[in-house]
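Chemist: Just passing along the structure, written as structure tokens.
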Protein chains: 2
Amino acid sequence: MDIQQYMNTVGTSARTASRAMTRASAGDKNRALQAIAEALHADREAILEANQHDLEQARQGELDAALVDRLELTAGRFDDMVAGLEQVAALPDPVGAITDLNYRPSGIQVGRMRVPLGVVGIIYESRPNVTVDAAALCLKSGNAAILRGGSEALRSNQAIAACVRRGLTEAGLPEDAVQVLDTSDRDAVGELIGHPDYADVIVPRGGKGLIERISRDARVPVIKHLDGNCHVYIDDQADLDKAVRIAVNAKTQRYGTCNTLETLLLAREVAGRVLPELADQYRQAGVELRGCDESRALVPDMAAASETDWAEEYLAPVLAVRVVTDLDEAMDHIRSYGSGHTESIVTEHYSRARRFLAEVDSSSVMVNASTRFADGFEYGLGAEIGVSTDKLHARGPVGLEGLTSQKWVVLGDGEIRQ
Amino acid sequence: MDIQQYMNTVGTSARTASRAMTRASAGDKNRALQAIAEALHADREAILEANQHDLEQARQGELDAALVDRLELTAGRFDDMVAGLEQVAALPDPVGAITDLNYRPSGIQVGRMRVPLGVVGIIYESRPNVTVDAAALCLKSGNAAILRGGSEALRSNQAIAACVRRGLTEAGLPEDAVQVLDTSDRDAVGELIGHPDYADVIVPRGGKGLIERISRDARVPVIKHLDGNCHVYIDDQADLDKAVRIAVNAKTQRYGTCNTLETLLLAREVAGRVLPELADQYRQAGVELRGCDESRALVPDMAAASETDWAEEYLAPVLAVRVVTDLDEAMDHIRSYGSGHTESIVTEHYSRARRFLAEVDSSSVMVNASTRFADGFEYGLGAEIGVSTDKLHARGPVGLEGLTSQKWVVLGDGEIRQ
């Protein structure tokens, strides 16, 4: 296969399809989502069989166990994937919404209209259900999509892609509105991220290495999600019941997610009253603690934290613990070691809560709540294409709105500029 | 001067200053703007003298006449520059505004808070008044700024920079919140656009060549403004009085601006009734017309347009003219040749107006209004740091909002994720 030529065809078709998608009504788009769900139901056996092929091959290869696990389409995952289509269909259509349409002194009316970005490129690994999720979100937001899954999931993704195409066609939308690359050639990624005429934005989903590589090489803007080194700070004016509840939940509710607590900061004045209790609960949950000297004086069986622990995104049952003097020292620590993802303060002190919200430069800042709330569903976005650790365009959980842009609309009656 | 080391110092100081700027109150920022205005008044003679030095040197060099003109700080330009500071002070402070703070089923309250981007790098040419404009907008939006003016304006810019520093210090803000680079070494630009730790966004202001070069080489996100090849389409259902008024104003009100009309499209059915009248008015204004064959049949003294004319941003009293069949052909032409800046339809036909607004993919789309309205002041932004032809983050005229981001804020009462 000539990859350059293949990607040129894909890019050109996507661009053409995106023009029809911009005009597609909410009704058409929802009908397509429904038709895709029906096609997936109809092809269920064939898709699961393709997935079994991928799994067998993956197990023979050198893929690590976690990747193989994510690759598997269990019955439950299949049903969730189909249910996701209905959830996206139920979301309001963002396209065409006009906001703030106001008269100006010149007589013109000026507002902003939400519009699709055009073509969205999504690069992901392993999990075949992302193919459906990503297709649904791009479709609903009026974009065309170029999806590039991992080579280990090629058969699964192609079986799903056939259903997506059928659904689009049945709803009268162009089948090229969602193209799933039919190659595992790595050069295809280079072509995709190197051509602003193919895609308007790239959303990489995967490990930090993949995302850093894509961000570095891309000539197309990237909505990127690097690491989530999240903090909870227990202030000396905290309600200690809330503090324990939040610190335990933020760490133990799930270990592998980007909004999981990785470093716990405690004000010196309350550390002695709260850390032993917390250490008990963490011990029961099987969480390994790594602390500063002061923490270890309070909880003697704690391991010593080294400088690298403060910067680590463990994604595992390990937690770094540090005693600080006050809010300022806590915010200094977060500034030095944090990744700008999500931080929470536990306090009943009004002004400190306000300062924390205003001064901590992270995509989510919280008062008296678990960091685990930082995701698109919990925030009410309905669905999530990813989490952005960038500041421009989209920040934090990215839903349909992050896949759109706003253009200016001007309504006049023959006005001219003086 | 060791440029790498110099830029490292500048970048580090900017980052430190940006933390204080994030916290600065609207009152402090407005006091600084006022103090800068007073410092400029006090140093007026010294600044104009520095500008005379720059002008003399520029005239001896090989700078083209337009650049030399823009370099000059006339008395009027000086007064406008100072008045601009008061206008920015009068704008509402965008920082800290929280929108859409709503309760979620989990009990948490979720909203978004507008926050500064951090450090803004601005690269511009010739006009020393940009130093003050850009400083004012960055300051008001709570950002630190690194300003890199043209080497031809170095003395003027340094004289202005001294006033900006004094104003900041008098208001109790860090003087490094606005740094004007004190070197004309080109490597400084490379260092600035190559270090995401120095700046969070780059705004280049200047010719297309400069902006393309910066966009290509930057490792920091760029808010870029390429060309403005703007169109007016006169529909066969247009009110022809409005059509003539708009088409003349859009071309002749100013020639060198990015929102100036460059190609006029006319529906065949009305071309014969409106083009001769338009041609008369353009002739009187000294505008050269370059038309398609059909246009030339209606206005015989018109020059023939070549393929390159359709893509040209003349920035001059030249206008391309083309007769088209209908709205679809007009939109096809715009799609093929336009630059996505600003397009206007003149029509009384409701559905065509609606289609044009929805389907034309430009940063500003207008009905029955002159393209010359596409700017920050006319849109009510109060001031403008530039015009973006990108789709991500900021699109069209960019005011204070484009220099900010939104982070998520979560207010809880001990809620944890189930």
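Chemist: Of the residues that make up the stretch A:77-97, is at least one of a type in the set (D, E, K, R) and in contact with a strand residue (DSSP E or B) (Cβ under 6 Å, 6 or more places away or on another chain)? Step through it out loud before you land on a result.
Modeler: At the first step, the residues of the stretch A:77-97 found to be of a type in the set (D, E, K, R) are A:77, A:79-80, A:86, A:93.
If we keep only those that are in contact with a strand residue (DSSP E or B) (Cβ under 6 Å, 6 or more places away or on another chain) too, we end up with none.
So far as the stretch A:77-97 goes, no, none of its residues is of a type in the set (D, E, K, R) and in contact with a strand residue (DSSP E or B) (Cβ under 6 Å, 6 or more places away or on another chain).
Chemist: Residues A:Gly107, A:Gly142: which one is within 14 Å of chain B (Cβ to nearest Cβ), closer than 19 Å to A:Ala383 by Cβ and either hydrophobic (A, V, I, L, M, F, W, C) or not in a helix (DSSP H, G or I) (or both)?
Modeler: Selected residue: A:Gly142, the only one of A:Gly107, A:Gly142 that is within 14 Å of chain B (Cβ to nearest Cβ), closer than 19 Å to A:Ala383 by Cβ and either hydrophobic (A, V, I, L, M, F, W, C) or not in a helix (DSSP H, G or I) (or both).
Chemist: Would you mind telling me which numbered condition in (1) without any contact (Cβ under 8 Å) to a residue 24 or more places away in the chain; (2) more than 10 Å from chain A (Cβ to nearest Cβ); (3) part of a helix (DSSP H, G or I); (4) in contact with a Leu (Cβ under 9 Å, 6 or more places away or on another chain) B:His333 fails?
Modeler: (1)
The rows are residues; the columns are (1) under 19 Å from B:Gly338 (Cα atoms); (2) within 14 Å of another protein chain (Cβ to nearest Cβ); (3) in contact with a Lys or Arg (Cβ under 8 Å, 6 or more places away or on another chain).
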position	(1), (2), (3)
B:Asp241	no, yes, no
B:Asn249	no, yes, yes
B:Cys258	yes, yes, no
B:Leu266	yes, no, yes
B:Ala271	no, no, no
B:Glu277	no, no, no
B:Cys292	yes, no, yes
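Chemist: State all residues of the stretch A:336-346 that are part of a loop (DSSP other than H, G, I, E, B) and in contact with an Asp or Glu (Cβ under 8 Å, 6 or more places away or on another chain); if no residue qualifies, say none. Working first, answer last.
Modeler: Applying the first criterion (part of a loop (DSSP other than H, G, I, E, B)) to the stretch A:336-346 yields A:338-341.
Answer for the stretch A:336-346, where residues must be part of a loop (DSSP other than H, G, I, E, B) and in contact with an Asp or Glu (Cβ under 8 Å, 6 or more places away or on another chain): A:Ser339, A:Gly340, A:His341.
Chemist: Let me ask something additional. Pick out the one residue from A:Leu67, A:Leu91, A:Leu101 that is within 14 Å of chain B (Cβ to nearest Cβ), surrounded by fewer than 24 Cβ atoms within 10 Å (Cβ to Cβ) and either on the phi < 0 side of the Ramachandran plot or among the small types (Gly, Ala, Ser) (or both).
Modeler: On the way: A:Leu67 fails: within 14 Å of chain B (Cβ to nearest Cβ); A:Leu91 fails: within 14 Å of chain B (Cβ to nearest Cβ).
On inspection, the qualifying residue turns out to be A:Leu101.
Chemist: Pick out the one residue from A:Arg77, A:Arg114 that is at pLDDT below 95 and either surrounded by 16 or more Cβ atoms within 10 Å (Cβ to Cβ) or closer than 30 Å to A:Gln158 by Cβ (or both).
Modeler: Values: A:Arg114 fails: at pLDDT below 95.
None of the others qualify; the one that does is A:Arg77.
Chemist: Please go through the stretch A:370-394 and give me each residue that is in a loop (DSSP other than H, G, I, E, B) and at pLDDT 95 or above, ordered by number. So that I can check it myself, show each step before the final result.
Modeler: Residues of the stretch A:370-394 that are in a loop (DSSP other than H, G, I, E, B), as a first pass: A:370, A:374-375, A:380-385, A:389-394.
Correct list: A:Ser370, A:Ala374.
Chemist: From the list A:Ala305, A:Ala311, which residue is free of Cβ contacts under 8 Å to residues at least 24 places away in the same chain, surrounded by fewer than 24 Cβ atoms within 10 Å (Cβ to Cβ) and more than 9 Å from every other protein chain (Cβ to nearest Cβ)? Outline the logic, then answer.
Modeler: Details: A:Ala311 fails: free of Cβ contacts under 8 Å to residues at least 24 places away in the same chain.
From the options A:Ala305, A:Ala311, the qualifying one is A:Ala305.
Chemist: Which of the residues that make up the stretch A:14-48 are part of a helix (DSSP H, G or I), under 27 Å from the mean Cα position of the chain (by Cα) and polar (S, T, N, Q)?
Modeler: Answer for the stretch A:14-48, where residues must be part of a helix (DSSP H, G or I), under 27 Å from the mean Cα position of the chain (by Cα) and polar (S, T, N, Q): A:Ser18, A:Thr22, A:Asn30, A:Gln34.
Chemist: In addition: Pairs needed: first member in the stretch A:390-418, within 7 Å of chain B (Cβ to nearest Cβ); second member anywhere, in a loop (DSSP other than H, G, I, E, B) and acidic (Asp, Glu); C-beta distance under 7 Å; at least 6 residues apart or different chains.
Modeler: Hits for this filter: A:Lys391/B:Asp200; A:Gly414/B:Asp239.
Chemist: If you check A:Val115 against the conditions, is it within 22 Å of the chain's Cα centre (by Cα), in a loop (DSSP other than H, G, I, E, B), touching a residue at least 40 places away in the same chain (Cβ under 8 Å) and within 11 Å of chain B (Cβ to nearest Cβ)? Reasoning before the result, please.
Modeler: Details: within 22 Å of the chain's Cα centre (by Cα): yes; in a loop (DSSP other than H, G, I, E, B): no; touching a residue at least 40 places away in the same chain (Cβ under 8 Å): yes; within 11 Å of chain B (Cβ to nearest Cβ): yes.
The answer is no for A:Val115.
Chemist: What's the number of the condition B:Ile123 fails, among (1) in a strand (DSSP E or B); (2) over 19 Å from the mean Cα position of the chain (by Cα); (3) among the hydrophobic types (A, V, I, L, M, F, W, C)?
Modeler: Every listed condition holds for B:Ile123 apart from (2).
Chemist: Let me ask something else. Go through the residues of the stretch A:207-228 one by one and say whether even a single one is within 12 Å of chain B (Cβ to nearest Cβ), over 23 Å from the mean Cα position of the chain (by Cα) and either part of a loop (DSSP other than H, G, I, E, B) or free of Cβ contacts under 8 Å to residues at least 24 places away in the same chain (or both).
Modeler: no
Chemist: I'm told A:Ser362 meets every condition in (1) within 18 Å of the chain's Cα centre (by Cα); (2) surrounded by 23 or more Cβ atoms within 10 Å (Cβ to Cβ); (3) facing chain B (nearest Cβ under 10 Å); (4) in contact (Cβ under 8 Å) with a residue 60 or more places away in the chain except one. Can you identify the failing condition by its number?
Modeler: Among (1) within 18 Å of the chain's Cα centre (by Cα); (2) surrounded by 23 or more Cβ atoms within 10 Å (Cβ to Cβ); (3) facing chain B (nearest Cβ under 10 Å); (4) in contact (Cβ under 8 Å) with a residue 60 or more places away in the chain, A:Ser362 violates only (4).
Chemist: If only one of A:Glu62, A:Glu72 is free of Cβ contacts under 8 Å to residues at least 12 places away in the same chain and on the phi < 0 side of the Ramachandran plot, which one is it?
Modeler: Within the list A:Glu62, A:Glu72, the selection yields A:Glu62.
Chemist: Tell me, which strands (runs of 3 or more DSSP E) lie completely within the stretch A:235-327 with 3 or more residues that are at pLDDT 95 or above and more than 22 Å from B:Val410 (Cβ to Cβ)? Break it down stepwise before answering.
Modeler: Details: elements: A:261-267, A:288-291, A:318-324.
Output list reads A:288-291, A:318-324.
A quick yes/no check of all residues on (1) under 17 Å from A:Arg296 (Cβ atoms); (2) buried (at least 23 other Cβ atoms within 10 Å of the Cβ):
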residue: A:Arg219; (1), (2): no, no
residue: A:Lys224; (1), (2): no, no
residue: A:Asp235; (1), (2): no, yes
residue: A:Ala238; (1), (2): no, yes
residue: A:Val244; (1), (2): no, no
residue: A:Ala250; (1), (2): no, yes
residue: A:Glu262; (1), (2): no, yes
residue: A:Val274; (1), (2): yes, no
residue: A:Gln281; (1), (2): no, no
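Chemist: Now for a different question. Here is a check on your reading of the model: is B:Glu86 of a type in the set (Asp, Glu), at pLDDT 95 or above and surrounded by fewer than 18 Cβ atoms within 10 Å (Cβ to Cβ)? I'd like the intermediate steps shown before the answer.
Modeler: Details: of a type in the set (Asp, Glu): yes; at pLDDT 95 or above: no; surrounded by fewer than 18 Cβ atoms within 10 Å (Cβ to Cβ): yes.
Spelling it out, it is not the case that B:Glu86 is of a type in the set (Asp, Glu), at pLDDT 95 or above and surrounded by fewer than 18 Cβ atoms within 10 Å (Cβ to Cβ).
Chemist: Here's something else I'd like to know. Please work out which residue is surrounded by the fewest Cβ atoms within 10 Å (Cβ to Cβ), limiting yourself to the stretch A:365-389 and to residues that are closer than 21 Å to A:Ala136 by Cα and within 7 Å of chain B (Cβ to nearest Cβ).
Modeler: Only one residue tops the list, namely A:Gly380.
Chemist: A further question follows. Can you confirm whether B:Asp197 is in contact with a Gly (Cβ under 7 Å, 6 or more places away or on another chain) and acidic (Asp, Glu)?
Modeler: On the way: in contact with a Gly (Cβ under 7 Å, 6 or more places away or on another chain): yes; acidic (Asp, Glu): yes.
It is true that B:Asp197 is in contact with a Gly (Cβ under 7 Å, 6 or more places away or on another chain) and acidic (Asp, Glu).
Chemist: Taking the stretch B:183-206, which residues are more than 19 Å from the chain's Cα centre (by Cα) and basic (Lys, Arg)?
Modeler: Matches in the stretch B:183-206: B:Arg186 only.
Chemist: Condition test on B:Glu62, is it exposed (fewer than 12 other Cβ atoms within 10 Å of the Cβ) and in a loop (DSSP other than H, G, I, E, B)? Break it down stepwise before answering.
Modeler: Values: exposed (fewer than 12 other Cβ atoms within 10 Å of the Cβ): yes; in a loop (DSSP other than H, G, I, E, B): yes.
In short, yes.
Chemist: For the stretch A:2-16, does any single residue satisfy the condition of being over 20 Å from A:Arg127 (Cα atoms), without any contact (Cβ under 8 Å) to a residue 40 or more places away in the chain and charged (D, E, K, R)?
Modeler: The answer is yes; a qualifying residue exists.
The values are calculated or read from the model by the stated rules, or taken from the named source; none is laboratory data. Here the structure is a predicted model, which is why all the values come from computation and not from measurement. Quick reminder, even Gly has a Cβ in these numbers, built from the backbone with ideal geometry, and neighbours come from all protein chains shown.
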